[in-house]
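What follows is a set of notes on a single structure, which appears directly below.
The values are calculated or read from the model by the stated rules, or taken from the named source; none is laboratory data. Note that the coordinates shown come from a computational prediction; the quantities given were computed from them, not determined experimentally. Cβ: placed from backbone, ideal geometry, glycine included. Neighbour counts: every protein chain shown. Please note that ligands, DNA and RNA were not included when accessible areas were found on the heavy atoms of the full protein model with its side chains. Shrake-Rupley method; radii C 1.70, N 1.55, O 1.52, S 1.80 Å.
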Amino acid sequence: MQGNNGNITFIRDGVRLDGRRVDELRPIKIEVGVLSRADGSCYMEMGDNKVVAAVYGPREVHPRHLQEVSRAIVRYRYNMASFSVEERRRPGPDRRSYELSKVSREALEPVILTSYFPRSVIDIFVEVLQADAGTRTAGINAASVALADAGIPMKGLITSCAAGKVDGQVVLDPMKEEDNFGQADLPIAITPWGDITLIQMDGDLSRDEFRQAVELARIGCGKIYEIQRKALLDRYCQMESAAQEA
Ligand code: UDP
């Protein structure tokens, strides 16, 4: 769709390029416990994003000088597969993946009861298999479920979702075209009681639009939270019935 100045028209009659309304999330799929060698794991799709999260620990810290005497340390590695994007990515870490690893760890750390496990480490690995904007949010959502699957004591699940601005309108959960060519992108992560543990912003938003975007992203997180909870409950109901049958 082309607008009059050659730019893309993102919203026509209230409908976005992929058929969603401005306040709609992309379809979400969550599978818990997909990796047998990890202590906890989760596969997640948010629209065309496909990510897998693996959690190991609490376990001994290597190298040892990283140990904290009063708590576990948390490490988070975000990695994008070279085949996950349109233009092949050079494998290995880069500035972006270091930044996303840091902010994602900081988004999750406040709910993890690290003081229960002094001198240990909780390792979280997030692999992006297919990217379509919002991979950090999908990664955080998957990691949060994988932490719960690993039995790591937490105050609650963290949920993450972005809002953006296209054609002058605030929209929920931007996909790639909206993220790359839109006017703003604002990912957040929140606790179940509404504390924000991550907020980032690219682009321009007025004060009102900013409030609107945070509110919309909060509503999106509320919906994702229910899906995360249900995926965990389903997994444990399955495990319980398998144990009873055995
Ligand atoms: N992207 C890409 N190549 C890269 C980095 C990003 O094609 O090296 C695409 C990918 O689809 C990603 C999107 O741009 O999901 C938006 O990237 P951003 O850095 O905003 O992070 P994200 O929205 O995925 O958290």
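Being more than 15 Å from Ile224 (Cα to Cα), open to solvent by less than 80 Å² (accessible area, probe 1.4 Å) and not aliphatic (A, V, I, L, M) is the filter; apply it to the range 13-34 and report the residue that is nearest to the chain's Cα centre (by Cα). So, considering only residues that are more than 15 Å from Ile224 (Cα to Cα), open to solvent by less than 80 Å² (accessible area, probe 1.4 Å) and not aliphatic (A, V, I, L, M), the one nearest to the chain's Cα centre (by Cα) is Gly33.
Applying the criterion of being farther than 20 Å from Asn141 by Cβ and not hydrophobic (A, V, I, L, M, F, W, C) to the residues of the range 230-246, the residue that is most open to solvent (accessible area, probe 1.4 Å) is Glu245.
Within the range 132-160, the residues that satisfy the criterion of being over 14 Å from Val51 (Cβ atoms) and touching a Lys or Arg at 6+ places or on another chain (Cβ under 8 Å) are Asp149, Leu157.
Are any of the residues in the range 226-235 of a type in the set (A, V, I, L, M) and free of Cβ contacts under 8 Å to residues at least 60 places away in the same chain? Yes, that holds for at least one residue. Please specify each residue of the range 130-155 satisfying the condition of being surrounded by fewer than 24 Cβ atoms within 10 Å (Cβ to Cβ), within 19 Å of Val103 (Cβ to Cβ) and more than 15 Å from the ligand (Cβ to nearest atom). Within the range 130-155, just Met154 meets the criteria. Within the range 165-176, restricting attention to residues that are open to solvent by less than 40 Å² (accessible area, probe 1.4 Å) and within 11 Å of the ligand (Cβ to nearest atom), the residue that is farthest from Leu17 (Cα to Cα) is Asp173. Considering Asp208, Asp185, Asp179, the condition of being loosely packed, with under 14 Cβ neighbours inside 10 Å, over 19 Å from Ala148 (Cα atoms), at pLDDT 95 or above and more than 14 Å from the chain's Cα centre (by Cα) is satisfied by Asp208 alone.
Condition check ((1) at pLDDT 95 or above; (2) in a loop (DSSP other than H, G, I, E, B); (3) in contact with a helix residue (DSSP H, G or I) (Cβ under 8 Å, 6 or more places away or on another chain)) across all residues:
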{"residue": "Val74", "(1), (2), (3)": "yes, no, yes"}
{"residue": "Phe83", "(1), (2), (3)": "yes, yes, no"}
{"residue": "Gly92", "(1), (2), (3)": "no, yes, no"}
{"residue": "Val103", "(1), (2), (3)": "yes, no, yes"}
{"residue": "Glu106", "(1), (2), (3)": "yes, no, no"}
{"residue": "Ser115", "(1), (2), (3)": "yes, no, no"}
{"residue": "Val121", "(1), (2), (3)": "yes, no, yes"}
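Within the option set Ile158, Ile124, Ile227, being of a type in the set (A, V, I, L, M) and surrounded by fewer than 20 Cβ atoms within 10 Å (Cβ to Cβ) holds for one residue only, Ile227.
Picking from residues in the range 35-72 that are β-branched (Val, Ile, Thr) and open to solvent by 20 Å² or more (accessible area, probe 1.4 Å), the one that is farthest from Val121 (Cα to Cα) is Val52. All conditions in (1) away from the ligand (no atom under 14 Å from the Cβ); (2) farther than 22 Å from Gly222 by Cα; (3) not aliphatic (A, V, I, L, M) hold for Asn180, with the sole exception of (1).
Is it the case that Ala162 is within 11 Å of the ligand (Cβ to nearest atom) and either touching a residue at least 12 places away in the same chain (Cβ under 8 Å) or of a type in the set (Phe, Trp, Tyr) (or both)? In short, yes.
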